[in-house]
Amino acid sequence: MALRGLRVQIPSGPLKEVFLMQNEKTVVAVKPDGIQRHLVGEVIKRFEQRGLKLVACKLCAMTGEKISAQYPDEDWWYKSNGEKIMDNMKARGQDIKGLNPIDLGKRTRERLIKGYAGKPILVMVWQGANAVTVARKVIGATNPLTADVGTIRGDFTIESYELADSLDEPIRNIVHASGSVREAKEEIKLWFNKGELIEYPLLVETVLYSSNWGHIC
């Protein structure tokens, strides 16, 4: 039986801003390589320790349709992805003359569809103040080779764009996180029905979002 999310009353006055910050949501997904490497628990632990709240979670089989929606067939997406690849190549002293970011982005999308279709993915929604920015910091840079130590990608994989290219595979960087609040809203609609997001009180929220706590006298 599916649980329905609770209806939440939005406060007015000074508490409204705190409420809206507290209820920002982002999508985090453990990719197929992260599942195969038994890193699901570690990923969840990192976000719990940071102070975000898990409000939805499901294990899904990746389909071509879902992957196509997650990574849209749009020039803006191709350009953004391709520019990241070119920046990485430039930083490593590789020649980028004659390369087109859109062409590189299209190659990435083809690899994603081929490499992920039919494999499991764990999709989650995490909630809390600055959830989108916090999640991106927790997972680290897209290219694990340049991700900071202490991030998920910096700690748990030796993957790089070069290794992925040599295998003609999508970069295996363990986890995905929404890039913006707008993107998060679209991804939540893609992966979850409205009733699958569960609103519930978490005791630690009293410490994170209020000031009247912890007194001993």
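The values are calculated or read from the model by the stated rules, or taken from the named source; none is laboratory data. Since we're looking at a predicted model, the values are computed, not measured. Heads up, the Cβs are rebuilt from the backbone with ideal geometry, glycines too, and the neighbour counts pull from every protein chain shown.
Please find, among Asp168, Asp148, the residue that is surrounded by fewer than 15 Cβ atoms within 10 Å (Cβ to Cβ), under 28 Å from Val55 (Cβ atoms) and at pLDDT 90 or above. Answer to the check: Asp148. Give the residues of region 52-75 that are of a type outside the set (A, V, I, L, M) and closer than 20 Å to Ile188 by Cβ, sorted by residue number. Selection gives Lys53, Cys57, Lys58, Cys60, Thr63, Glu65, Lys66, Ser68, Gln70, Tyr71, Pro72, Glu74.
Yes/no per residue for (1) more than 18 Å from Arg37 (Cα to Cα); (2) in a helix (DSSP H, G or I); (3) among the hydroxyl-bearing types (Ser, Thr, Tyr):
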| site | (1), (2), (3) |
| --- | --- |
| Val123 | no, no, no |
| Val132 | yes, yes, no |
| Val138 | yes, yes, no |
| Ile158 | no, no, no |
| Leu163 | no, yes, no |
| Pro170 | no, no, no |
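What about Ser211, is it among the hydroxyl-bearing types (Ser, Thr, Tyr), part of a loop (DSSP other than H, G, I, E, B), surrounded by fewer than 20 Cβ atoms within 10 Å (Cβ to Cβ) and modelled with pLDDT under 95?
So Ser211 passes the test.
The criterion of at least 1 residues that are at pLDDT below 95 and surrounded by fewer than 11 Cβ atoms within 10 Å (Cβ to Cβ) is met, among helices (runs of 4 or more DSSP H) falling completely within region 1-57, by 15-22.
Just name the residue that is nearest to Cys60 (Cα to Cα) out of those in region 95-121 that are of a type in the set (Val, Ile, Thr) and not in a strand (DSSP E or B). So the residue we want is Ile113.
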